[in-house]
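My questions all concern the structure below.
The values are calculated or read from the model by the stated rules, or taken from the named source; none is laboratory data. These numbers come from a predicted model, not from an experiment. Because the Cβ atoms are built from the backbone with ideal geometry, glycine has one as well, and the counts that use them run over all protein chains shown.
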């Protein structure tokens with residue numbers, strides 16, 4: 001007779017959490033999906049979820065909020081907005097600079113030196129813009145998902161008045 005693994009899975013994923021904690025877990029995932037920490041989002045968000053005992057499934061769903069066709073416009077828009085707000089001039093001739101960049105061999109010092117020169121003005125706005133935008137989106141995600149979960153719980157009779 002096979003063992004029932006559902007209680008173990010429920011505890012691991014924290015599927016029994018309240019609407020507030022589940023919404024917080026979802027918002028955590030949404031936040032990290034829109035931050036500039038590409039490649040580290042999963043590690044950081046699941047690390048925080050384990051430390052705080054949050055619903056890992058909700059974090060995972062939130063991490064999938066930033067879809068591939070949103071990534072480029074999101075990072076470009078929030079980076080330019082942050083640069084503008086911080087008074088950092090965005091170079092007008094970036095496409096020309098990229099053309100020059102690829103005239104060098106990728107394994108040459110000139111390539112990497114020129115690449116650093118292109119990226120340098122964008123580093124701080126790239127960190128600040130998407131992070132602030134992610135905080136705004138995550139806050140909205142928290143309140144919307146909490147309200148949905150609380151309404152769903154009232155319909156099911158699992159959440160108090």
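Conditions (1) in contact with a strand residue (DSSP E or B) (Cβ under 8 Å, 6 or more places away or on another chain); (2) within 25 Å of residue 22 (Cβ to Cβ); (3) buried (at least 16 other Cβ atoms within 10 Å of the Cβ), marked per residue:
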{"residue": "53", "(1), (2), (3)": "no, yes, no"}
{"residue": "83", "(1), (2), (3)": "no, no, yes"}
{"residue": "87", "(1), (2), (3)": "no, no, no"}
{"residue": "90", "(1), (2), (3)": "no, no, no"}
{"residue": "98", "(1), (2), (3)": "no, no, no"}
{"residue": "109", "(1), (2), (3)": "no, no, no"}
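May I ask you to list the residues in segment 62-79 that are surrounded by fewer than 16 Cβ atoms within 10 Å (Cβ to Cβ) and either in a helix (DSSP H, G or I) or modelled with pLDDT of 90 or more (or both)?
Passing the criteria: 64, 68, 69, 70, 71, 72, 73, 76, 77.
To continue, here is another question. Part of a helix (DSSP H, G or I), touching a helix residue (DSSP H, G or I) at 6+ places or on another chain (Cβ under 7 Å) and free of Cβ contacts under 8 Å to residues at least 60 places away in the same chain: does that describe residue 91?
no
Follow-up question, since we're still on this one. Quick one: residue 139 ticks every box in (1) in contact with a helix residue (DSSP H, G or I) (Cβ under 6 Å, 6 or more places away or on another chain); (2) assigned to a helix (DSSP H, G or I) except a single one, so which number is it?
Exception for residue 139: condition (1).
Filter segment 104-115 for residues that are in contact with a helix residue (DSSP H, G or I) (Cβ under 9 Å, 6 or more places away or on another chain) and either at pLDDT below 85 or not in a helix (DSSP H, G or I) (or both) and give the result.
If the condition is that a residue be in contact with a helix residue (DSSP H, G or I) (Cβ under 9 Å, 6 or more places away or on another chain) and either at pLDDT below 85 or not in a helix (DSSP H, G or I) (or both), then 104, 105, 106 are the ones that fit.
Another question, then. Being in a loop (DSSP other than H, G, I, E, B), in contact (Cβ under 8 Å) with a residue 12 or more places away in the chain and under 8 Å from the mean Cα position of the chain (by Cα) is the filter; apply it to segment 33-61 and report the residue that is farthest from residue 126 (Cα to Cα).
Among residues in segment 33-61 that are in a loop (DSSP other than H, G, I, E, B), in contact (Cβ under 8 Å) with a residue 12 or more places away in the chain and under 8 Å from the mean Cα position of the chain (by Cα), the one farthest from residue 126 (Cα to Cα) is 35.
Same structure, new question: Would you mind stating whether residue 139 is at pLDDT 85 or above and surrounded by 14 or more Cβ atoms within 10 Å (Cβ to Cβ)?
Working: at pLDDT 85 or above: yes; surrounded by 14 or more Cβ atoms within 10 Å (Cβ to Cβ): no.
No, not satisfied.
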